[in-house]
């Protein structure tokens, strides 16, 4: 069964550093997403991406965040200058027209 | 505005008991999808079911069943004869047509603990 693949599974970074979280969505899917889950809390929408542009973003997705689909297969989330409160599990998801498939997540720890 | 409420923070049962996880949603849209996801201790989100707003038929899949009632805006999930492997956090989520189904709004989750 096709999967959404996320790398790395765990990343530790120092406050103020830039991080790039990587995702390979399912190949024939059209819509791509990033969600965030702070430890012990609910999953929150960050951004959706369709046709090579952002289609919707949440209040959380401020100027420190950016997304890219650099080569037609990868989908990346960049955090320019990480803060302690960016520590969370980040999930990538993709979908055709219907249900969402989530990756297994990247746990980002900012120290 | 869309909102999903899972009032049960944590439920503990003994193996083989039946358990129902509640989900109440709010939406002004007439076309929407409802979802359930399982998050085991390993952390990934496992898709369980998607229901569209026009299909109120209850669904059964093995030990899992779902009861969708538009009249009460509820989409409850029942596990029959629970097993230790069912221990996880379960999230209910909603996606609306008026956002182009561009995002899922999740509830806060219910942690299910099944003990032997």
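Here, each number is a calculation from the coordinates, and none is a lab measurement. The structure displayed is predicted, hence computed values, not measured ones. Cβ atoms come from the backbone with ideal geometry, glycine included; neighbour counts cover every protein chain shown.
Of note:
- Segment B:1-59 and segment A:42-102 have Cα centres spaced 23 Å apart.
- Over segment A:1-43, equivalent-ellipsoid semi-axes from the Cα gyration tensor in Å: 23, 14, 10
- Taking every residue in A:40-52 and counting other chain Cβ atoms within 10 Å of its Cβ, the average works out to 4.
- Mean per-residue shielding of peptide B:100-111 is 6, counting Cβ atoms of other chains within 10 Å of each Cβ.
- Cα-only Debye scattering, segment B:60-116: base-10 log of I(q)/I(0) at q = 0.17, 0.18, 0.21 Å⁻¹: -0.71, -0.78, -0.96
- Relative contact order computed over chain B (Cα-Cα under 8 Å; 6+ residues apart), in percent: 38
- Rg(Cα) / (2.2 N^0.38 Å) computed for segment B:35-94, rounded to two decimals: 1.15
- For the peptides A:100-108, B:80-88, the ranking by mean Cβ contacts within 10 Å, running from highest to lowest, is A:100-108, B:80-88.
- Sequence ranges A:85-92, A:2-9, ranked by mean other-Cβ count within 10 angstrom, highest first: A:85-92, A:2-9
- Entry for the protein assembly as shown at q = 0.08, 0.11, 0.13 Å⁻¹: log10 I(q)/I(0) = -0.29, -0.56, -0.77, Debye formula applied to identical alpha-carbon scatterers, no solvent contribution.
- Annotation: chain A has a Kirkwood hydrodynamic radius of 13.9 angstrom, from the mean reciprocal C-alpha pair distance.
- Take each residue of peptide A:102-110, count the partner chain Cβ atoms within 10 Å of its Cβ, and average: the result is 2.
- Alpha-carbon gyration tensor eigenvalues x 5, square-rooted, for chain B, Å: 25, 14, 12
- Between residue A:84 and residue A:59, the FRET efficiency estimated from the beta carbon spacing at R0 = 30 angstrom works out to 0.95.
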